[in-house]
Each structure stands twice: as structure tokens, then as C-alpha cells.
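Trainee: Starting off with a structure, shown below.
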Amino acid sequence: MRFALTMTVAVACAVCRAEAATPAPAEAQWATAHSDRNPAISPDGTRLLFSSDRSGRQVLYLRRLPDGDVAVFVDGNDEPGYPAWSPDGRQVVFTARVDGEDDLFVVDAAGGNRRHLVVHPSREGHPRWSPDGQRIYFNSERPSTEPRTDAVSAPEGEDRVDIYSVRSDGSDLQRHTRCGSECSYPSVSPDGKQLLIRRVFWEPAAAPGGKPVRNSEIVAIDLADGRERNLTQSKDYDVYPIWSADGRWVYFSSNRQATAGQLHLWRIATNGGLPQRLSHGAWSHRQASPSADGKQIYVFSYQRVGGQDVGYIGSIAVYGDGSK
């Protein structure tokens with residue numbers, strides 16, 4: 001089994017700043033001084049959505065693959081981001097800023113008929129469709145009255161985030177987690193039976209009077225009975241989970257085996273086993289979007305420059321049958 005990091009679909013790179021960064025791979029040297037992120041590959045593999053500030057403000061762009069032109073998909077002054085395709089490729093859900101917080105919107109795949117899906121004064125984020133296209137899952141910072149416990153709940157002043165879903169028309173709001181801390185980045189398994197999330201656990205301080213220890217894990221929740229499985233079980237920082245299209249793998253980013261501040265792409269089999277590292281080098285990789293055939297994983301590849309994460313959209317090619 002081999003993994004290769006390629007940048008043949010690099011949409012832009014933002015390392016061209018006054019502060020020096022490690023040079024990007026050769027294929028990305030032509031890039032601009034802007035940052036492209038949040039890749040979302042369409043179900044048929046022919047279109048790639050991403051957000052970028054290349055126009056001077058954050059908007060959504062669409063690129064026809066493999067070598068098509070880049071065009072504005074959703075414009076506006078409300079910072080649209082985090083796009084996700086519906087399973088049939090006919091609609092896109094995304095976030096946009098309303099009165100200082102992010103709400104959810106849906107637009108047709110042609111770019112028109114924009115609808116306000118979820119209206120709430122709290123911040124909503126990271127939307128994902130269910131595999132049947134009937135529901136949209138997202139994380140929300142809505143006020144919570146859940147009790148706090150020393151083992152798992154957020155200390156006073158920390159964000160408390162849970163997973164919710166609505167029908168594709170915005171009706172029938174349902175709450176799926178009661179974390180007491182932060183549950184985010186939802187992704188529903190291809191068979192519709194499990195909900196993958198990133199869950200933050202707060203552990204007691206090592207010494208009296210010390211600060212609680214923050215731990216980030218990848219957890220799968222059975223949607224029928226609510227049972228949880230901690231897939232990563234690590235003291236490392238694991239985040240941005242997503243299922244492979246065939247349901248065999250869970251991809252995520254992690255700081256394990258990385259230098260300070262780095263995140264690399266990993267995967268773990270859904271039935272357990274040891275995680276496998278998929279990316280290497282000086283660049284970090286997050287926000288994975290696997291292709292339906294499992295051969296490419298589109299990622300936000302970046303470095304920390306001038307206090308910001310700047311980079312481009314790249315792809316990681318996966319060779320072999322995926323067997324362990």
C-alpha cells in the first residue's frame with residue numbers, strides 16, 4: 001500500500017507573504033497570495049467547491065475537474081464557507097455570517113435559489129448531509145443547561161457545542177448529542193447508522209489548583225441507541241473526521257507524530273485497529289474530502305504564516321486496495 005501527496009489540483013497557495021515559509025511543493029509555486037480552504041468534492045467527482053479570500057473577501061468558488069477554470073459559486077459580504085454537496089449532487093449546504101454568527105444556507109448546484117435553512121442567534125457550523133439526502137447535520141453553540149462533571153464537561157467560560165440536524169427544508173430540528181463540552185464536525189456513515197464526531201473531553205487537572213486537560217477524540221455514535229465508540233483513544237489532538245465513501249475508513253487530522261502546531265492526515269478502519277498516517281512533510285493537512293472512488297482525498301494544505309493558516313487545496317492519492 002502506498003500513499004502519495006500530489007498538488008496537481010492545487011487551486012491556490014498563500015505562502016507568498018513577507019514572512020518566510022517552507023517552500024510549497026513544486027506544483028504549487030505558481031499560486032497566489034491568498035488562502036483556499038474547505039474543499040468539497042462532488043459525488044460524481046467532476047466539481048470541487050472551496051472557500052477563498054482571493055477576491056478580497058471570503059466567497060465560495062467552483063472548479064471543474066480535472067483542469068477546468070475556477071469560477072465564483074456563492075458571492076456576498078457574509079463570508080460563505082464550509083460547503084457540502086447533497087448526495088445527488090443537486091444542492092449545496094454552506095455557512096454564512098448573519099448578525100455576527102454563522103447560519104446555514106442551501107443553494108442549487110447551479111448556484112441559484114439560495115435559501116436560509118437554519119436561523120438562530122447562535123453559531124452553526126460544519127454542515128453535512130445524511131446519505132439519503134433527507135437531513136442535514138451540523139454543530140451548534142446553542143445555550144445548554146446540561147450539568148457539568150469534572151471528567152467530561154467544559155470548564156466555565158469554554159465553548160459548549162452539540163450536534164443537531166434538520167430536514168433538508170429546515171424543519172424538524174433534532175438534537176443528537178448532550179456533550180456538556182464540545183461535539184463538532186458531524187459526518188454520517190454511508191449506511192446512515194452511525195454519526196461520526198469530534199468530541200472534546202476535559203480531564204481533571206494533574207495537580208490540585210491546576211487547569212483541566214483538554215483532549216480531542218474521534219467518536220462514532222450509534223444513531224439508533226446512542227452508544228458511543230471512541231475510535232482514536234489517544235492523548236493527541238484528533239479532529240476533522242469524515243467517513244470514506246465505502247464506510248470502511250474514517251479519515252481525520254491529528255498532531256500525533258508531528259512537530260509543534262502541525263496536523264497530518266490519518267485514517268483508521270471503522271472496525272478498529274491502528275491508525276495509519278497518510279501525509280508527511282512540513283505542511284499541515286486538514287478538512288479532508290474523499291472522492292467517491294476512494295482514490296483521492298482533497299485537503300486544505302497549509303502552514304502557519306504571520307499568525308494565520310495559509311495554503312492551498314491539494315490532494316492525497318491513495319494507491320492499493322486499502323487492506324491493512
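Trainee: Can you sort Tyr312, Tyr164 from fewest to most other Cβ atoms within 10 Å of each residue's own Cβ?
Mentor: Tyr164, Tyr312
Trainee: Express the relative contact order of segment 72-111 as a whole percentage, based on alpha carbon pairs under 8 Å and six or more residues apart in sequence.
Mentor: Relative contact order for segment 72-111 comes out at 33 percent.
Trainee: Which whole-number percent gives the relative contact order of segment 31-138, counting Cα pairs below 8 Å spaced six or more residues apart?
Mentor: 17
Trainee: Next up: Would segment 176-324 count as rounded, prolate or oblate if I go by the C-alpha gyration tensor, calling it rounded below 1.5 in a/c and otherwise prolate when a/b exceeds b/c, oblate otherwise?
Mentor: Because a/c hits 1.5 or more and a/b fails to exceed b/c, segment 176-324 counts as oblate.
Trainee: For labels at Asp132 and Val72 in the simple 7 Å Cα→Cβ model, what's the distance in nm?
Mentor: Here the answer is 3.9 nm between the modelled labels.
Trainee: On to the next question. I need to check one value: relative contact order of segment 183-324, counting alpha carbon pairs closer than 8 Å and at least 6 residues apart, in percent.
Mentor: Relative contact order, segment 183-324: 14 percent.
Trainee: Rounded, prolate or oblate: pick one for segment 34-153, where a ≥ b ≥ c are the square roots of the eigenvalues of its C-alpha gyration tensor, a/c under 1.5 means rounded, and failing that, prolate if a/b is larger than b/c, else oblate.
Mentor: Prolate.
Trainee: Another question, then. Which of the peptides 283-296, 53-66 is most tightly packed, and how do the rest follow, going by the mean number of other Cβ atoms within 10 Å of each residue?
Mentor: 283-296, 53-66
Trainee: Taking the mean number of other Cβ atoms within 10 Å as a proxy for protection, how do you rank 182-191, 105-114 from highest to lowest?
Mentor: Taking the mean over residues of other Cβ atoms within 10 Å, the ranking is 182-191, 105-114.
Trainee: Follow-up. Indicate the gyration tensor shape class of segment 209-283 (rounded, prolate or oblate), computed on the Cα atoms with a ≥ b ≥ c the square roots of the eigenvalues: a/c under 1.5 is rounded; otherwise a/b larger than b/c is prolate and the rest oblate.
Mentor: oblate
Here, each number is a calculation from the coordinates, and none is a lab measurement. Computed from a prediction, not measured in an experiment: that's the story for all the values here. Backbone-built Cβ (ideal geometry, glycine too); neighbour counts: all protein chains shown.
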